[in-house]
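Take a look at the structure below.
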Amino acid sequence: MRTVEIFDTTLRDGEQSAGVNLHEGEKLEIALQLERMGVNVMEVGFPASSRGDFQSVKRIADTITGSTVTGLARSVKSDIDATWEAIRGAAKPRIHLFIATSPIHMEYKLKMEPDQVVERAVESIRYAAQFFPEIQWSAEDATRSEWPFLARIIEEVINAGASVINLPDTVGYTTPKEYAEMFRYLLANVPNLDRARLSSHCHDDLGLAVANSLSAIEAGVGQVECTINGIGERAGNASLEEIAVALAVRKDIMQATTTLDLTQITRTSRLVSKLTGMVVAPNKAVVGANAFAHESGIHQDGVLKNKQTYEIIEPEMVGLTSNVMVLGKHSGRHAFANRCEQLGITLKDDELNELFKRFKELTDRRKNVSDEDLLALVLEVFDREVGAKYELEYLHVSYGTQAPTTATIGILTPEGELLQEAATGNGSVEGIFNTITRLFNEPIELLDYRIQSTTSGVDSLGEVYVQLNFQGHISSGRGVDTDVLCASAKAFLDAINRIHLNGAVEQVSKGVNV
């Protein structure tokens, strides 16, 4: 039974999902949870793409000790320098260099001849080797590359110092059989491949990312790249939880295992979903709300007699348990802190105090507080890290079926000035949106608006997720409150705050698809 290393790219490829823009504190919280789950390698960003990405990569690298931390870089010296400055404080630093190798990418994107691509790849690895103890190299669009050329360039980059070779299915084009055959061909035709670890990285454009990743493992790769909940550019990446559980359940066939703590899967999935605003589909394998639900009478009868009749995965394997401690009005600080710890929530003393205060305020309005409620409150505490921002001071909405809806809003600016405005709309949400647009005196386009409850019941917290186009930048935001209109106003302001936090989004090329 061999061990396959898990390379998580939630914070790099996953964050390239449309509309996802995590701030530094949120990225660190995800990184800490990934470390707790036991991922071997975490790719935490693309340091050369923006000042914000550089700072978050550096903070994570300076904090994480249990996993290898890596940053993505193009095959140019400036990218390598930026990545070293960001990663150098890591306990286990790695750089992830890439260059395209398919004929269509070399001709139209790089405008380089194959010989030039080989030369550039070797040059960049030799330069990076002056700083990094470990170098991973990727052949972008490998599955549409010519196999003899792949064999040639891989041999050269290994000789130059690469110790991990990643062959991504960049556009989700390949099939399991083709992908496995490619790896077997290279194992047979690259004479020095025994000096490097092979890695797979699959996108889900045809819904084959997990199947292709498992096929690559069967073909002999020692590292598999994936994301939590399968998030990522376009249709997403291979889902970490599906790959890990498939290896655990079908170890008789796969003959491979991981070092992951699988009981951390559910809480990691929920954390990433909450922070990114990307809802997990109910029918999503392993972590979906219906993954362990049985409605059919025949299925229910079978499960009651023997769970293995219809459940091939034990819910406890992925961290689902029925032993839930109920938190309520009379719960003390110790029980509260203990529950936070069980949920994998990392809090400083001042954050714990703030969260406990918010918890007590919530118990005045509802009898019991669920784990989902608690996580929703935690996210608001994390948002304090953004520093000076626009904050909702008050909201008043006048609504009636026979008259226009009017919203009156007061917000505090980062400088502490109170701005007040009112506007009408065709409904409460539109009234709030129009008022915020007038407050900023600039056109704002609402691209997406979603509302959901944290739990069942009329006293549940309402969570609102929005996506805006403001000042030419697309941003997502979220708001949480027992009043969904207040949550809506908070979500609109949160999206605007994230744009200001990123310095009006000074990105060079965040959307790199590897």
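Check the stretch 359-375 and report whether any residue there is buried (at least 17 other Cβ atoms within 10 Å of the Cβ), modelled with pLDDT of 80 or more and in a helix (DSSP H, G or I). Checking the stretch 359-375: at least one residue is buried (at least 17 other Cβ atoms within 10 Å of the Cβ), modelled with pLDDT of 80 or more and in a helix (DSSP H, G or I). When THR454 is tested against (1) surrounded by fewer than 16 Cβ atoms within 10 Å (Cβ to Cβ); (2) more than 14 Å from ALA495 (Cα to Cα); (3) among the polar types (S, T, N, Q), just one condition goes unmet, and that condition is (1).
Please work out if VAL210 is in a helix (DSSP H, G or I), aliphatic (A, V, I, L, M), in contact with a strand residue (DSSP E or B) (Cβ under 8 Å, 6 or more places away or on another chain) and buried (at least 21 other Cβ atoms within 10 Å of the Cβ). Yes, satisfied. Checked against (1) in contact (Cβ under 8 Å) with a residue 24 or more places away in the chain; (2) surrounded by fewer than 17 Cβ atoms within 10 Å (Cβ to Cβ); (3) over 30 Å from the mean Cα position of the chain (by Cα), ALA188 passes all but a single condition, namely (1). Of the residues making up the stretch 62-78, just one is touching a Pro at 6+ places or on another chain (Cβ under 9 Å) and surrounded by fewer than 24 Cβ atoms within 10 Å (Cβ to Cβ), namely THR68.
Within the stretch 87-103, restricting attention to residues that are in contact with a helix residue (DSSP H, G or I) (Cβ under 7 Å, 6 or more places away or on another chain) and in contact (Cβ under 8 Å) with a residue 40 or more places away in the chain, which residue is surrounded by the fewest Cβ atoms within 10 Å (Cβ to Cβ)? My answer is PRO93.
The values are calculated or read from the model by the stated rules, or taken from the named source; none is laboratory data. Note that this is a predicted model, so its numbers are computed, not measured. As a convention, Cβ positions derive from the backbone with ideal geometry for all residues, glycine included, and neighbour counts pool all protein chains shown.
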